[in-house]
Amino acid sequence: SQELEQSPQSLIVQEGKNLTINCTSSKTLYGLYWYKQKYGEGLIFLMMLQKGGEEKSHEKITAKLDEKKQQSSLHITASQPSHAGIYLCGADLPYAGGTSYGKLTFGQGTILTVHP
Amino acid sequence: NAGVMQNPRHLVRRRGQEARLRCSPMKGHSHVYWYRQLPEEGLKFMVYLQKENIIDESGMPKERFSAEFPKEGPSILRIQQVVRGDSAAYFCASSRTAGVAKNIQYFGAGTRLSVL
């Protein structure tokens, strides 16, 4: 099973609609990173969250980390075709003997399609 | 300020040949990470390096794969005697610092390796 579970796996919305993507861990998240990937390209950093209850926004994208630091959500308001792509959450997870110090674990990604 | 540069973008090798993938980190970044993205498995950590040192290679296959980050020049991921199962997208990322919830990793566009 995945250490980080993303839901949904894919999402198709009409332009202008709001949407939410979730990222859930069975372990405490020390740091949570959201990235966006366009097909065939690299990952673009969106936001980093580290404190329980933290919320960050950039343009129409808002990301939150819950108080227990085991789940994060990414919310897009008034979606546009430019928001289409694959959204990935990555995390610093605890490992035996300490934390990873660099090793990010990623969810399997959420494919977002926005119809004009 | 150039981002993370990877080359080549596409690499075709026949079974048994060697593949060399190069990564130049962002200016001012001394931490380099390699990840592999397989179609059905998502993005997986391979190795974390600093200049002249391998810090964490827990994600590297035990045989045929090696990585280096010399004092001068790019980081190299080397795959000897490639097999069809090595076909994947290989991403390099770099960060300015390391540590829990500190190391925002910036990714290159990736090298897509195809093994015939």
Among the residues that make up the stretch A:37-55, is at least one of them within 11 Å of another protein chain (Cβ to nearest Cβ), touching a residue at least 60 places away in the same chain (Cβ under 8 Å) and of a type in the set (Gly, Ala, Ser)?
no
Taking interchain pairs and intrachain pairs at least six residues apart, which have beta carbon atoms under 7 angstrom, with the first residue in the stretch B:7-19 and touching a residue at least 12 places away in the same chain (Cβ under 8 Å) and farther than 20 Å from residue B:63 by Cβ and the second of a type in the set (A, V, I, L, M, F, W, C) and outside any strand (DSSP E or B)?
B:9/B:109; B:12/B:116
Are there any pairs, at least 6 apart or on different chains, whose C-beta atoms fall under 9 Å, with the first in the stretch A:101-116 and within 7 Å of chain B (Cβ to nearest Cβ) and the second β-branched (Val, Ile, Thr) and in a loop (DSSP other than H, G, I, E, B), and if so, which?
A:101/B:100
Exclusive hit being part of a loop (DSSP other than H, G, I, E, B) and at pLDDT below 95, set A:16, A:52
A:52
Kindly evaluate residue A:36 against the criterion of being part of a strand (DSSP E or B), basic (Lys, Arg) and at pLDDT 95 or above.
yes
All but one of (1) at pLDDT 90 or above; (2) surrounded by 21 or more Cβ atoms within 10 Å (Cβ to Cβ); (3) of a type outside the set (Lys, Arg) hold for residue A:100; state the number of the condition that does not hold.
(1)
Considering only residues that are at pLDDT 95 or above and not in a strand (DSSP E or B), which ones fall in the stretch A:83-97?
A:83, A:84
Would you be able to say whether some residue in the stretch B:76-85 is aliphatic (A, V, I, L, M), in contact with a Gly (Cβ under 9 Å, 6 or more places away or on another chain), more than 8 Å from every other protein chain (Cβ to nearest Cβ) and surrounded by fewer than 18 Cβ atoms within 10 Å (Cβ to Cβ)?
yes
Verdict on residue A:46 being in a strand (DSSP E or B), under 27 Å from residue A:14 (Cβ atoms), touching a His at 6+ places or on another chain (Cβ under 8 Å) and of a type outside the set (Ser, Thr, Tyr)
yes
Residue that is farthest from residue B:35 (Cα to Cα), among those in the stretch A:1-52 that are surrounded by fewer than 18 Cβ atoms within 10 Å (Cβ to Cβ) and among the basic types (Lys, Arg)
A:17
Please work out which one of (1) touching a residue at least 24 places away in the same chain (Cβ under 8 Å); (2) more than 10 Å from chain B (Cβ to nearest Cβ); (3) not in a loop (DSSP other than H, G, I, E, B) is the condition residue A:62 fails and give its number.
(1)
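The values are calculated or read from the model by the stated rules, or taken from the named source; none is laboratory data. Predicted model, so just to flag it, every value in this text is computed and none were measured. A quick note on method: Cβ atoms are made from the backbone with ideal geometry, for glycine too, and the neighbour counts reach across all protein chains shown.
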